[in-house]
Amino acid sequence: MKAYRSMVKMRLLLLLQYRAAALAGIATQLMWGFLKVMVLQAFYLATNEPQPLALEQAVGYVWLGQAMLRMLPWDGDLEVQELIRNGNVAYELCRPVDLYGLWYARALALRAAPTILRAVPVFALALYVLPESYALRMPSAGGLLAWLLATVGALLLGCAMTNLMNISMFWTISGEGINRLMPAVIVVFSGMLVPLPLFPDWAQRVLEILPFAGLMDTPARFFVGQLAPSEVWVFLTRQFVWTVVLVVGGRWLLRRGLRRVVVQGG
Amino acid sequence: MQGQRAWARLKYQRAAMGSIRLYLRFIGMSFRSQLQYPASFLMMTMGNLTVTSIEFLAIWALFTRFGSLQDWTLPQVAVFYGMVHTAFAMAEAGARGFDILHRWVRAGDFDRILLRPRSTVLQVLGLEFQLMRVGRFAQGLVVLGWGIRNLGIALTPMQLLLIIGSICGGSLLFSGLFILQATLSFWSVESLEVVNVATYGGVEAAQVPMSIYNEWFRRFFTVVIPLAAINLVPLSAILEHPSLQGVPGWLAWLSPLAGLAFCLVCLKIWHFGVRHYRSTGS
């Protein structure tokens, strides 16, 4: 356990070095958030019918997406992918720790560090600085707790996906394909593009079953109060089941992948 | 005297012809290298098409729920969307050299460009012409065509020409932004993503009618970066919509030229930047 803990800590410290990039990122995120909020406001102007997500909730949802953007598994761990590509994965096999666990720990740091850098300023601005009609609202204590739990669930789920992308490298080698395809899938099915509740009703069942809703949509809906905090257990179970499925599947694939690896002496 | 002037003119013409020929050579080389792996090229293009089409999926999904965007219809929005995406795809493909220039500057390779007896702009343009951007272009064109067909008005040839002119104007405008981004790299090779706010952010902003935005936001994209001049203003000569009333006709027809003007200003800044370039010295 200690090895994994120090792995997370080392990666966190390393990734927190890039502060200038984070600042530029925050500016970009704010701009994107404003654009999305204004488009949604214009759409809501067209109708008086009650929607599955009220306008203030939709606005909050957009900001949550911007704040938690970096937590989503947009790509694999580039360094691990490089290890597999150039064969240095052999060194990883010499370490006296479980390889899947080691990569999972790396993924946790990879997702958590930039999220902390992004989320804190975006939350501060969206909650306290932006004018009323653009702002994110603070939820009830129950909602906040449910959001927190679902966010942890989302992080664990996302890291299982990251690991799966790493492992796919044993077969695809280049990794270009998966690293390009995943963002498209995630942006649509996690709610980053359009809040999932606003998709047509017939699509809702599918969106609910897919694992991607658990990455962003679930925590956001607890924060804006579209889901009651008492429902959190149902959604946590859903995230957890998917995480277990992906971890077990990933471990199995890793074993098969390692069996194929041929290490050249040198 | 007469003969001398004619000689000078001839020399100038030949130099210009040479530049064009050289550029075409560069492009040809770039094409050949990209088509060297046809399967890979095809997949990249399909990927580009899918990833960029997602933006329209979002608009379509929201239209099925809300029916209209403020009081704009889906075909009208499709025209805005198609125009800005085709324009951006052309800029992305053609001005790609400026987009990746910071790598050259960081490595000190820009010296090589300065040493050759040709204009820097020509050489940077020739670095790469990214063919796979045809994916974004194709989906933009399809959406634009669908929008025009379903507008419910028959376009005159002149109006069609205005749309094409606006797309070209838009492409020049986005190229100008790529040139600015490259110029910035002479001073700093970090944090260049800030420019994304104007490029990718500009596409995102202009793919729906910009009249729906907040006052200050609209002003930024009209005055600072004249994005409105390449879609909202020229489309006032074509689309019927209350928010487009009051735009004088001559302005609608001339506004795509703002893209050209913007690009020329960016080129001036580029030349200023080149004079201040300092190599890494390695």
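In this structure the amide hydrogen of residue A:194, modeled in the peptide plane, comes within under 5 Å of no amide hydrogen from residues 5 or more places off or on another chain. Straight Cα distances below 26 angstrom link residue B:11 to the lysines B:268, with same-chain residues fewer than 8 positions distant left out.
Excluding residue A:2 itself, what net charge comes from residues whose Cβ is under 14 Å from its Cβ, given Lys and Arg +1 and Asp and Glu -1?
On the way: positive: A:5, A:9, A:95; negative: A:98.
Neighbour charge sum, excluding residue A:2 itself: +2.
Applying both filters, DSSP loop and at most 13 other Cβ atoms within 10 Å, to the trypsin sites (Lys or Arg not before Pro) of the stretch A:138-235 eliminates every site.
Remark: the Cα gyration tensor places the stretch B:150-262 in the prolate category, a/c being 1.5 or greater and a/b exceeding b/c. Arranged from fewest to most other beta-carbon atoms within 10 Å of their beta carbon, A:32, A:171 become A:171, A:32. Karplus-derived 3J(HN,Hα) values for the stretch A:242-249, using 6.51 cos²θ - 1.76 cosθ + 1.60 with θ = phi - 60°, are 4, 4, 4, 4, 5, 5, 4, x Hz; glycine and proline are entered as x. Using the Cβ atoms and a cut-off under 10 Å, what net charge is assigned to the surroundings of residue A:225, where Lys and Arg are +1 and Asp and Glu are -1? Here the charged neighbours net out to +1.
The label-point distance for residue A:116 and residue B:257, in a model that sets each label 7 Å from Cα toward Cβ, rounds to 5.7 nm.
Exposed loop sites were defined as GluC sites (Glu not before Pro) in DSSP loop states (anything but H, G, I, E or B) carrying at most 15 other C-beta atoms within 10 Å; in chain B the longest segment without such a site runs B:1-189.
Here the spin labels are modelled as points 7 Å beyond Cα on the Cα-Cβ line, and at residue B:71 and residue B:159 they lie 1.9 nm apart. Taking the centroid of alpha carbons for each part, the stretch B:257-272 and the stretch B:29-101 are 25 Å apart.
The value of relative contact order for the stretch A:37-116, using C-alpha pairs under 8 Å at least six residues apart, is 36 percent.
Quick check on the exposure proxy: order A:237, B:199 from fewest to most C-beta atoms within 10 angstrom.
On the way: A:237 11, B:199 21.
Ordered from fewest to most neighbouring Cβ atoms within 10 Å, A:237, B:199 come out as A:237, B:199.
Convex hull volume per residue, computed on the Cα atoms of the protein assembly as shown, equals 196 Å³.
Across the stretch B:95-106, rounded Karplus estimates of 3J(HN,Hα) from the backbone phi angles (6.51 cos²θ - 1.76 cosθ + 1.60, θ = phi - 60°) give 9, 3, x, 6, 5, 9, 4, 4, 5, 5, 5, 4 Hz, Gly and Pro being marked x.
Per residue, how much space in cubic angstrom lies within the convex hull of the C-alpha atoms of chain A? Before the final figure, lay out each step's value.
On the way: hull volume 38.0 nm³, N = 266.
Each residue corresponds to 143 Å³ of Cα convex hull volume.
Here the 3J(HN,Hα) profile of the stretch B:229-243, calculated from phi with Karplus coefficients 6.51, -1.76 and 1.60 at θ = phi - 60°, is 5, 10, 9, 4, 5, x, 5, 5, 7, 10, 8, 9, 7, x, 6 Hz, Gly and Pro shown as x. In a DSSP loop and with at most 15 other Cβ atoms within 10 Å, the trypsin sites (Lys or Arg not before Pro) in the stretch B:181-282 are B:278. Less than 5 angstrom separates the built amide H of residue B:108 from those of B:280, all sequence-distant by 5 or more or on a different chain. Put in line by how crowded their Cβ is, counting other Cβ atoms within 10 Å and starting with the fewest, A:134, A:128, A:104, B:81 read A:128, A:134, A:104, B:81. Which residue, chosen from A:41, A:74, A:22, occupies the Cα position most advanced towards the positive end of the dipole of the stretch A:7-84, where the dipole is computed from +1 (Lys, Arg) and -1 (Asp, Glu) charges on Cβ about the Cα centre? About the Cα centre, the residue reaching furthest to the positive side is A:22.
Quick check for me: using +1 on Lys/Arg Cβ and -1 on Asp/Glu Cβ, what's the dipole size of chain A about its Cα centre, in debye to the nearest 20?
Values: 22 positive and 14 negative charges, 207 e Å.
The dipole of chain A has a size of about 1000 debye.
The residues neighbouring residue A:64, those whose beta-carbon lies less than 14 Å from its own, together hold a net charge of +3 under the Lys/Arg +1, Asp/Glu -1 convention.
Computed on the stretch B:37-275, the Cα convex hull volume stands at 147 Å³ per residue.
Readers should treat all values here as calculations from the given coordinates under stated rules, not as data from a laboratory. Note that the coordinates shown come from a computational prediction; the quantities given were computed from them, not determined experimentally. Ideal geometry is used to build each Cβ from the backbone, glycine not excepted, and the neighbour counts take in all protein chains shown.
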